[in-house]
Amino acid sequence: MADIENENKIFSLVLAAGESSRMGTPKQLLEYGGDSFLKRAIEGFIRAGADDIVVVCGYMFERMKDHIFNSNYSISKKELMDRLIIVENADYKSGQLSSIKAGLNAFTRKKAVDFYRGFMIQLIDRPLVRYDTFIKLKETFVSGAQPILIPSYQMKRGHPACFSSEFIGCITALGENASLKDILSSYESGINYLTVDDAGIIVNIDTPLEYEKIKGVVHVD
């Protein structure tokens, strides 16, 4: 029974370290549907049943940490604290890969990854992703044998993306000029796609104009 349970365990990475230079204000704290972008990403993984949630922050680290602790979620604060790991990426200006590495390295120092089926990654600039998409992705990932699972909307792939734990080593070994796309290119044959009716997986919110456009969008949840 323990082995079966371990096969269903996942951890998750919320990438929230950037300084939002194109937006002009921290995207993490912008709101959609009454919740911050940062809270929505964390809540998505809570709804999906992620066993551990790693949030990688960098810019305005203390403010982000306080925001996480002072937000309300669908689980108790105690349960959240049991599942939450907040990581500071001091090298956040180096780009997204530095945050992925920081999150994976922090997690592997605390947990034995052999007991996890894999992990999911969500970007902070995709606030329109529906919670049921997080749930469907997690359920499909843990019930299948695919090493990589990515959601697809109208033939376009998006986030959150799922990776088997076997990829941790090769991701953390990537050079500073590399990106996660290099992993996807190298393991194209190992990628499975889950078609979802959720345009939010491909909608980036990076600029004030893009943010203004989603204010008129009906709340997806």
| task | Sort through 103, 169, 175 and tell me the only one that's over 28 Å from residue 212 (Cα atoms) and part of a loop (DSSP other than H, G, I, E, B). | result | 175
| message | Residues that are closer than 20 Å to residue 62 by Cβ and either at pLDDT below 95 or part of a helix (DSSP H, G or I) (or both): does the range 8-16 have at least one? | response | no
| request: Give the residues of the range 143-166 that are at pLDDT 95 or above and of a type in the set (A, V, I, L, M, F, W, C), sorted by residue number. | output: 148, 149, 150, 161, 162, 163
| field | Given (1) modelled with pLDDT of 95 or more; (2) out of contact with any Pro (no Cβ under 6 Å at 6 or more places or on another chain), number of the condition residue 40 does not satisfy | value | (2)
| message | Exactly one of these conditions fails for residue 133: (1) on the phi > 0 side of the Ramachandran plot; (2) surrounded by 22 or more Cβ atoms within 10 Å (Cβ to Cβ). Give me its number. | response | (1)
| Which is free of Cβ contacts under 8 Å to residues at least 40 places away in the same chain, part of a helix (DSSP H, G or I) and either buried (at least 21 other Cβ atoms within 10 Å of the Cβ) or not small (Gly, Ala, Ser) (or both), of 138, 65, 93? | 65
| remark: Among the residues of the range 173-188, the number that are at pLDDT 90 or above and either among the basic types (Lys, Arg) or under 12 Å from residue 98 (Cβ atoms) (or both) is 6
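Of all residues in the range 148-179, which are in contact with a Phe, Trp or Tyr (Cβ under 7 Å, 6 or more places away or on another chain) and within 11 Å of residue 191 (Cβ to Cβ)?
Here is the first cut: in the range 148-179, the residues in contact with a Phe, Trp or Tyr (Cβ under 7 Å, 6 or more places away or on another chain) are 148-150, 152, 157, 160, 162-163, 165.
Result: 148, 149, 150, 152, 157, 162, 163.
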| query | Of (1) part of a helix (DSSP H, G or I); (2) polar (S, T, N, Q); (3) crowded, with 19+ Cβ neighbours inside 10 Å, residue 185 satisfies all except one. Which? | reply | (3)
| said: Return the residues of the range 70-81 that are in a helix (DSSP H, G or I) and within 18 Å of the chain's Cα centre (by Cα); say none if nothing qualifies. | reply: 80, 81
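Could you look through the range 152-166, keep only residues that are touching a strand residue (DSSP E or B) at 6+ places or on another chain (Cβ under 7 Å) and not in a strand (DSSP E or B), and pick out the one that is surrounded by the most Cβ atoms within 10 Å (Cβ to Cβ)? Give the steps one after another, and end with the answer.
Our first condition is that a residue be touching a strand residue (DSSP E or B) at 6+ places or on another chain (Cβ under 7 Å); within the range 152-166, this holds for 152, 157-165.
From what is left, the residues that are not in a strand (DSSP E or B) are 158-160, 165.
Details: 158: 21, 159: 22, 160: 28, 165: 19.
If we take residues in the range 152-166 being touching a strand residue (DSSP E or B) at 6+ places or on another chain (Cβ under 7 Å) and not in a strand (DSSP E or B), then 160 is surrounded by the most Cβ atoms within 10 Å (Cβ to Cβ).
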| Among the residues of the range 78-90, which ones are over 28 Å from residue 179 (Cβ atoms) and exposed (fewer than 13 other Cβ atoms within 10 Å of the Cβ)? | 78, 79, 81, 82
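The values are calculated or read from the model by the stated rules, or taken from the named source; none is laboratory data. Note that the coordinates shown come from a computational prediction; the quantities given were computed from them, not determined experimentally. FYI the Cβ positions are ideal-geometry reconstructions off the backbone, even for glycines, and counts take in every protein chain you see.
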